[in-house]
1. Only loop residues by DSSP count here, and only those with at most 11 other Cβ atoms within 10 Å; note down the GluC sites (Glu not before Pro) in region 1-110 that meet that.
2. Determine which residues of region 149-170 fall in the zone a paramagnetic label at Arg210 would reach in this model, i.e. backbone nitrogen under 20 Å from the point 7 Å along Cα→Cβ.
3. Please report, as a whole percent, how much of the solvent-accessible surface of region 1-112 comes from carbon and sulfur atoms (probe radius 1.4 Å).
4. So for region 92-240, taking the charge dipole from beta-carbon charges (+1 Lys/Arg, -1 Asp/Glu), which of Pro211, Thr237, Val94 sits furthest toward the positive end?
5. Within 10 Å of each candidate Cβ there may be at most 15 other Cβ atoms; applying that plus a DSSP loop requirement, which trypsin sites (Lys or Arg not before Pro) in region 1-88 survive?
6. What is the sum of charges, Lys and Arg at +1 and Asp and Glu at -1, for the other residues whose Cβ falls under 14 Å from the Cβ of Glu148?
7. Gap in Å between the Cα centre of region 104-136 and the Cα centre of region 57-101?
8. Accessible area per residue, 1.4 Å probe, Å², for the chain: what's the number?
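The values are calculated or read from the model by the stated rules, or taken from the named source; none is laboratory data. Fair warning: this is a prediction, and the values are worked out from it, not measured in the lab. Every residue, glycine among them, receives a Cβ derived from its backbone with ideal geometry; neighbour counts consider all protein chains shown. Each accessible area value is taken on the protein alone, full model and side chains, heavy atoms only, with ligands, DNA and RNA left out. Shrake-Rupley method; radii C 1.70, N 1.55, O 1.52, S 1.80 Å.
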Amino acid sequence: MTGVLVTGGTGKTGSAPVELLRGNGVPVQVASRRASGGDPDAVRFDWEDPATHPVALRGVDRVSLVPPVNTVDPMPLVGSFLAEARRLGVRRAVLLGSAIVLPNAPSALELAARVRARPGWVVLRASGFMQNVLSPHPVGDRIRRHGEIRTAAGDGRVGWIDARDIAAAASVLPADPAVEPSDQRDHLLTGPKALSYREAVGIITARTGRPVRVVTIGTDEQAADYRAAGTSAEFATAIA
């Protein structure tokens, strides 16, 4: 068995490692709920349909794992997939986790621990994505429509990272046989500098020539904004 399965392979974080792996000549299976008929490497995959899991894992020995979004409780969906991956002999899995530990979300920690406990399986803990300031993310949509970022973060700073840099790490770990499979550390990924939203909008304004401002709101209002953008109530409250 050779090749890498990339879950969420057509999304913002999954498509970048697909491109890099292909560029390095690594066989890839691109997993998504709507497998594209125009992509010979596409395979249908749905977290809520366990019957799709063994089919997607067929013929691969490595997995780049983008967990389900919009939930604080991924384990009920991902647990059976991990068990199937172990059963089928997947030797390396790379989980895209988060540098931010959400409140009231122990399942996310359990998922990372489950991956970390398996020899050859590792966890990437990525900081905030720079791509969040682009559409179709709610932050990017608001910048485009209203020229503002609404946030309860105050002057808090984040080491914003480009999703393509996350992909570079995610593509190396499952593809490079020289990476020691017994290395079970988490890998914390950040950008080169921690920036507040006010510093970020200064950069956006300078680069685009369009003024963007920060509107300070409370966490309840922040959660309401996320819910209005389609985020589940539980997840909206946690990230707010």
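1. Values: sites: Glu19, Glu48, Glu84, Glu110; in loops: Glu48.
Here the sparse-neighbourhood loop sites are Glu48.
2. 149-151
3. 54 percent
4. Ranked along the dipole, the leading option is Pro211.
5. Arg33, Arg34, Arg58
6. +4
7. Here the two parts' Cα centres lie 10 Å apart.
8. 51 Å²
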